[in-house]
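Shown next, in structure tokens, is the structure this report addresses.
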Amino acid sequence: MKTLLYRFFINHWPRKLISLILAMIVWMMVNRSLTVTKVIPNIPVRITNVPHGKTIEGMQIDGTLSKRITLSLNGQRAVLDELSSKDLQIVIDAKDKPQEWIAAINKKNLVSLNPDIDVNKMISKIGQIEMIIRQSKLVTERIPVAVTPTGEVPKGYQYLDVYPYQLFMTVNGPEDAVKRLKARGLKLSINLNDISQEELDQIQSSQAGDKSDEISFFVPDAWKKISLPLLSDAPIQIDDPQAKELRIDFSRQDLLPIGFSIPVTVFFPPKYSKTLNPETYTLATSEFIAKKNGIKVINAPLYAHGVSRHFLETVKDMVQVVIIANPKSERETLLWNVQFMYPHELEDRYVSKVISESHDIVYDQQPHLLEDYLRNRFRNYMSRFRLYTPDNHKLSLKIELQANAISVTPQKTP
């Protein structure tokens, strides 16, 4: 066996080595001379010499279209095997072209982005295709942007509002596309999941000297971008000057003590007035309902949840609990709710107080925006205002008609 291998490799080895080298050379020459056809998708198209004041729908800042094409290429196998869409580009000249024309794409439009590839030598031909090119008037418009928070609020906090709730951004592009954008507007979604509890806690601690329970998270510039693939291959920054003031406001989910007495009154529906009226039924006093200076009030410590101290200070002495009197045949337990007296005046008072203590730059420029925002916040506070007991449970009342009296008893909730 050894002798056989020795003879195979050693005998006449110079001639065998030359034969091997020649065989490799022949293989390399044949392999490079072989031509094959390869289909390459997603090849970018760039338009040059677009007339001033004109553009093409889907054209990016560098002239590249958002639409890509697929080409069938014929050329050297060794080259095509390694070729991808990243190495090529189709270039179409728009000089002296009409408003709309059909571009016949052939080999002369094919440009190599890889300096190691010479398309003229290495690619023999391409499957010719046609592409419709439509030029459009280039316009600039200010597009409204609605700011919309999404996701979950960090633990321990409650979402209040976003301010400003609408911005504008300058958009350049084809007239038809820009008009469509302006008609429907744009949306900037801010994911609340990207805001951590630690960040809000840090903001809260930095304003420890401030008695406000409202915390403003100023949105980073990196979040103030919108993707418009038809106009740009990269997200576009919102250029509205008000964008620098964009913030999301939160409140702590702490219980706030209500440091004032809340009156309790009874509403008697007129349709039951023959049997149910202030002369036939009166509100009974108890440990829970006390009579002070002729006014019946809740005689127990109460707390509020989801509002601010500013709000509580504003509505102080202008809030009451109202019981709705109904016959026992309709309801065994009477309904009740919290009612604010003269809410429009309270709203004005709240807005005036907050603005007087505000150093908001946007307010100096467009005061109506901040006023609308604060009015909306006050209304939200009124709608979410709830009474709580010291053990952090919503106040639950059992209210019943008894002999010539209406009894009110607090109930423990699980």
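The values are calculated or read from the model by the stated rules, or taken from the named source; none is laboratory data. All values derive from a computational prediction rather than experimental measurement. So basically every Cβ, Gly included, is an ideal-geometry build from the backbone, and we count neighbours across all protein chains shown.
Worth pointing out:
- Qualifying positions in segment 50-95 - closer than 24 Å to residue 134 by Cβ, more than 36 Å from the chain's Cα centre (by Cα) and not in a strand (DSSP E or B): 51, 94, 95
- Condition met for residue 95 (touching a residue at least 40 places away in the same chain (Cβ under 8 Å), of a type outside the set (Gly, Ala, Ser) and assigned by TED's automatic domain parsing to the domain that holds residue 66): yes
So that you can scan it fast, the table gives a plain yes or no per residue for (1) touching a helix residue (DSSP H, G or I) at 6+ places or on another chain (Cβ under 6 Å); (2) of a type in the set (A, V, I, L, M, F, W, C); (3) surrounded by 19 or more Cβ atoms within 10 Å (Cβ to Cβ); (4) at negative phi:
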site: 151; (1), (2), (3), (4): yes, no, no, no
site: 164; (1), (2), (3), (4): yes, no, yes, yes
site: 169; (1), (2), (3), (4): no, yes, yes, yes
site: 178; (1), (2), (3), (4): no, yes, yes, yes
site: 185; (1), (2), (3), (4): no, no, no, no
site: 193; (1), (2), (3), (4): no, no, no, yes
site: 198; (1), (2), (3), (4): no, no, no, yes
site: 201; (1), (2), (3), (4): no, no, no, yes
site: 215; (1), (2), (3), (4): yes, yes, yes, yes
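- Some residue of segment 103-117 being of a type in the set (A, V, I, L, M), in a strand (DSSP E or B) and either in contact with a Gly (Cβ under 9 Å, 6 or more places away or on another chain) or surrounded by fewer than 18 Cβ atoms within 10 Å (Cβ to Cβ) (or both): yes
- Cβ-Cβ distances below 9 Å connect the following pairs, each with a first residue in segment 307-335 that is assigned by TED's automatic domain parsing to the domain that holds residue 374 and more than 29 Å from residue 380 (Cβ to Cβ), a second residue that is surrounded by fewer than 21 Cβ atoms within 10 Å (Cβ to Cβ) and hydroxyl-bearing (Ser, Thr, Tyr), and a separation of six or more residues or different chains: 325/272; 325/281; 326/272; 327/272; 327/275; 330/272.
- Across segment 119-139, the qualifying residues are those that are assigned to a strand (DSSP E or B) and among the small types (Gly, Ala, Ser), and the one among them that is nearest to residue 76 (Cα to Cα) is 124.
- The set of residues from segment 347-399 being modelled with pLDDT of 90 or more and hydrophobic (A, V, I, L, M, F, W, C) comprises 351, 378, 382, 385, 387, 395, 397, 399.
- Counted residues, segment 259-283 - those being surrounded by 12 or more Cβ atoms within 10 Å (Cβ to Cβ) and over 17 Å from residue 328 (Cα atoms): 6
- Selection within segment 372-381: residues that are surrounded by fewer than 19 Cβ atoms within 10 Å (Cβ to Cβ) and in contact (Cβ under 8 Å) with a residue 24 or more places away in the chain. The member of this set that is nearest to residue 213 (Cα to Cα) is 380.
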